[in-house]
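> Quick one: the structure is below, and I'll ask about it shortly.
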Amino acid sequence: MKARHVCAVVGVAFAVGAVVFMRSLVASNDAQSESVARRLMSALPVGPDAQIARLALDFRPEGRVMQGPPLMAVVATKPGVEGVAIAKSVFAARRLDPPGVGEELAFLGRNGAYRLKVSEILDWDRPPGRGAAYPTAFVSPETAAAIGEEWSPFTAPSVAELAPAFRSDAGRNFDRAKALLLWAAALTALCLLVNSLFLSIEAKRRDIAVLRMLGMTRGGVVRRVAAEAVALALGGLAAGVALAFAATAAYVAFDRSLFPEGPAFSFVSAAACAALAPLLAVAASLVALKSALAVKPLEAASARLPRKRHVGMVVSFAFGFGAFVAVEVWGASLMSAFVPSEELPDAIVSILPGGVSSFDIEKVRNVEGVARIAELQPLQVNILPLEELKMPGAEKEQQPARDKPSDKGRPPRKGPPPGMGGPPRAQYRNALLLASEWLPDFRFSSGSHDEAEREIKSGDACVITEMMARARGWSMGDEIELDCGRGHVMRLRIVGIVDLNWHMVTSRGLVRGLNRMPVNTDGPVFVSFDTLAACDPRPQDFVRMTHLWLDYTPEFLAAHGVFGAGRIVENEIVKALNGADLVTREGEVRGNTVRLHSRGEIADGTLAHGADLIGSMARVPFIFIAVVSLGFIAMLVASADARRREFAVLRAVGATRPQLAAALAREAAQVAWKGIVLGLLGGAPAGWLFTFGTRKAMANWGLPASFAVPWETLAVGAALAFAFALAVAVPTALALVRPRR
């Protein structure tokens, strides 16, 4: 078999094998779900009279306030437990080390914060999937009685009922990457097939010309090219499926304790690849046909050696690197909308779950290192006309539909107002009202800061973000109609529109989702305290101070840095609210936790999470760049064959073998750089276009379309792609110029 054929078969086999192996691994993991559920119920037994409650943890690894969703624990009662016994799985969900025995953990419920000493770390480290309500922490009935939350009887699930909790994550993660994986695999196989066909046509150019002279029709040429492509595709398919099944069996056999039920093979994925392989072969044939049909019968008399054909490899490498570029540009363009704007205050502080009296704001006026600090009062209210949320965050139990058509668009009559308890209500698109003493120095795209601040304080006016304006089609002077509950409708006039990335600040600061409202919102709406109070259906006695925001003095921030400044100020707020004569604990204020989130920390956490997510996806096409690099072997073999006479002359005049190898390596380097440049030029706009489709599918309407190119990441990727090419090309070039025995 020729080198070009071997490279094509190996490339197709790798592409097919990667898809089948990953899907078989997911299937093997799913096959263990009942066994895992059985082991969980054995490792963490729950008594028949147990009561459970779901509590969040204010866990701070290395003293840092966690970015992202809080850790959640299902806590069950168990006689004889001192403090709390908690499983490793609670922390494994976020890849964190559990605390030591004797350390205190802060649990946060709907009614208060509770600090419990860890008495035991339970040896179970596999977290159940979303929706599983199996206990992962245990307290005594006496401790539970002291925790003022709603405890409910625990109904033990069967093994079959609990098993899906250990199936969802792996399958969901594969489904997220499935489209990218299939696309990258198909693209890799197509590129290597095209490269092989181009090289094959050039190598057999004289043979094709002879056959044409002897009477072969153009249709015969088409069949010849297609037959070669199909044979290569089917050969790679068979090898890939066999290797994937063998790799799955070996992987499972290596750790039988983790896979007691043995391997499960994804025959569906194998069948899908089998259906796709002939289509890829036909597509590759169509690309190469122009070159094949250009062969003339008169070329049968030509004695020239085959020409160098680099086009196929340039295109192949460009597609491979372009896929990597597209993923990175797509991710960077999306992430740019979530990095907090610098115009936001330096930090946001939450005092949850119950908050403290608004009069306590006076106690924190003189906190060290703070230039200005103010209460930030949030309230989520539905936007009229009502539009039900159809996304994660909407409750499954919905409010009964209205009977009278005349009620359409009016506020719902049934169900209690926000914050007053009761069953889950239907959830609608809403505005996050934010009231404060001062309006930060936002960048206004419509209106001005001073005028907007005057209008807000003088009447029912508001400032909204560009994102909300885009989503709703609102502009300066328009009115927002809000459902304030109990049949009260309020209208706010828009007096300013600001360019503001707010998502992660309101999320990390736990501003959204209070009072049984959804965590999703159309965006913040900045108002005065009077306007917010007029729209708040809660009695004034129920309204507590739950949030602050603040700016540091430049000198304090420069002296301590973002992390150090945040911890100092957080502790000072705790002391101020508790009183200097009281013994304080970090992050605790009379049944609340105090969490300070610096804008800089939020930005770093957002970028780190985005880089991790995008990097995971970018690794898929980058792995296939390495596979595409195998095509350099076939290209250099063909190039060496085409330059036999030239190399013979050079050898005769004194050229050394390393010099000849360097000439071949330079060819590969030139092809690689051309592919990288073309990949960048094609991948960047492709990634930019992908952002539009993603934005339409996301919950947040009106996300800004920001074109961002992560040049540093792409430079590293280009260097690695070039290194892959040389890693294949240099040994091949040296092997090709060795003397034949």
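> In the range 545-561, how many are touching a Leu at 6+ places or on another chain (Cβ under 7 Å) and either part of a helix (DSSP H, G or I) or of a type outside the set (S, T, N, Q) (or both)? Break it down into steps so the answer makes sense when it comes.
If we filter the range 545-561 for residues that are touching a Leu at 6+ places or on another chain (Cβ under 7 Å), which is where we start, we get 546-549.
Keeping just the survivors that are either part of a helix (DSSP H, G or I) or of a type outside the set (S, T, N, Q) (or both) gives 547-549.
Residues that pass the stated criteria total 3.
> May I ask you to verify whether Ser507 is free of Cβ contacts under 8 Å to residues at least 60 places away in the same chain, out of contact with any strand residue (DSSP E or B) (no Cβ under 9 Å at 6 or more places or on another chain), more than 17 Å from Glu343 (Cβ to Cβ) and buried (at least 19 other Cβ atoms within 10 Å of the Cβ)?
yes
> Mind listing just one residue for me: the one in the range 359-390 that is in contact with a helix residue (DSSP H, G or I) (Cβ under 9 Å, 6 or more places away or on another chain) and polar (S, T, N, Q) and, of those, modelled with the lowest pLDDT?
That would be Asn366.
> Between residues in the range 66-89 that are not assigned by TED's automatic domain parsing to the domain that holds Leu596 and in a strand (DSSP E or B) and residues that are surrounded by fewer than 20 Cβ atoms within 10 Å (Cβ to Cβ) and charged (D, E, K, R), which pairs lie under 6 Å by C-beta distance while being six or more apart or on different chains?
Taking only residues 6 or more apart or on different chains, the pairs are Val74/Arg54; Ala85/Glu120.
> Of everything in the range 643-657 that's touching a residue at least 12 places away in the same chain (Cβ under 8 Å) and loosely packed, with under 15 Cβ neighbours inside 10 Å, which residue is farthest from the chain's Cα centre (by Cα)? Step through it out loud before you land on a result.
Quick first cut of the range 643-657, residues touching a residue at least 12 places away in the same chain (Cβ under 8 Å) only: 643-645, 647, 657.
From what is left, the residues that are loosely packed, with under 15 Cβ neighbours inside 10 Å are 644-645.
Working: Arg644: 51, Arg645: 54 Å.
Step by step, filter the range 643-657, then rank; the result is Arg645.
> Can I ask one more? Kindly provide the set of residues from the range 1-39 that are farther than 23 Å from Leu232 by Cα and either crowded, with 24+ Cβ neighbours inside 10 Å or without any contact (Cβ under 8 Å) to a residue 12 or more places away in the chain (or both), ordered by number.
Across the range 1-39, the qualifying residues are Arg23, Ser24, Ala37, Arg39.
> What are the residue pairs meeting all of these: first residue in the range 153-181, first residue of a type outside the set (A, V, I, L, M, F, W, C) and modelled with pLDDT under 60, second residue part of a helix (DSSP H, G or I) and surrounded by 16 or more Cβ atoms within 10 Å (Cβ to Cβ), Cβ atoms under 7 Å, and 6 or more apart or on different chains?
Once the first residue is of a type outside the set (A, V, I, L, M, F, W, C) and modelled with pLDDT under 60 and sits in the range 153-181, its partners that are part of a helix (DSSP H, G or I) and surrounded by 16 or more Cβ atoms within 10 Å (Cβ to Cβ) give Gly171/Val26; Gly171/Asp30.
> Please go through the range 120-145 and pick out each residue that is modelled with pLDDT of 90 or more and among the small types (Gly, Ala, Ser).
The answer is Ala137, Ser140, Ala144, Ala145.
> Of everything in the range 101-119, what is farther than 25 Å from Gly354 by Cα and either surrounded by 15 or more Cβ atoms within 10 Å (Cβ to Cβ) or modelled with pLDDT under 90 (or both)? Give them in sequence order.
Of all residues in the range 101-119, those farther than 25 Å from Gly354 by Cα come to 101-102, 119.
Once the filter is applied, which keeps residues that are farther than 25 Å from Gly354 by Cα and either surrounded by 15 or more Cβ atoms within 10 Å (Cβ to Cβ) or modelled with pLDDT under 90 (or both), the range 101-119 yields only Ser119.
> Out of Ala283, Ala275, Ala271, report the one residue that is part of a helix (DSSP H, G or I) and either closer than 17 Å to Gly219 by Cα or in contact with a Phe, Trp or Tyr (Cβ under 6 Å, 6 or more places away or on another chain) (or both).
Working: Ala275 fails: either closer than 17 Å to Gly219 by Cα or in contact with a Phe, Trp or Tyr (Cβ under 6 Å, 6 or more places away or on another chain) (or both); Ala271 fails: either closer than 17 Å to Gly219 by Cα or in contact with a Phe, Trp or Tyr (Cβ under 6 Å, 6 or more places away or on another chain) (or both).
Of Ala283, Ala275, Ala271, the one residue that is part of a helix (DSSP H, G or I) and either closer than 17 Å to Gly219 by Cα or in contact with a Phe, Trp or Tyr (Cβ under 6 Å, 6 or more places away or on another chain) (or both) is Ala283.
> Can you confirm whether Ala189 is of a type outside the set (D, E, K, R), part of a helix (DSSP H, G or I), at pLDDT below 90 and more than 28 Å from Arg60 (Cβ to Cβ)? Full working, then the answer.
On the way: of a type outside the set (D, E, K, R): yes; part of a helix (DSSP H, G or I): yes; at pLDDT below 90: yes; more than 28 Å from Arg60 (Cβ to Cβ): yes.
Taking the combined requirement at face value, the residue satisfies it.
The values are calculated or read from the model by the stated rules, or taken from the named source; none is laboratory data. In this text the structure is predicted, and so the values were computed from the model without any measurement. All Cβ positions, even for glycine, are placed from backbone atoms using ideal geometry, and neighbour counts span all protein chains on display.
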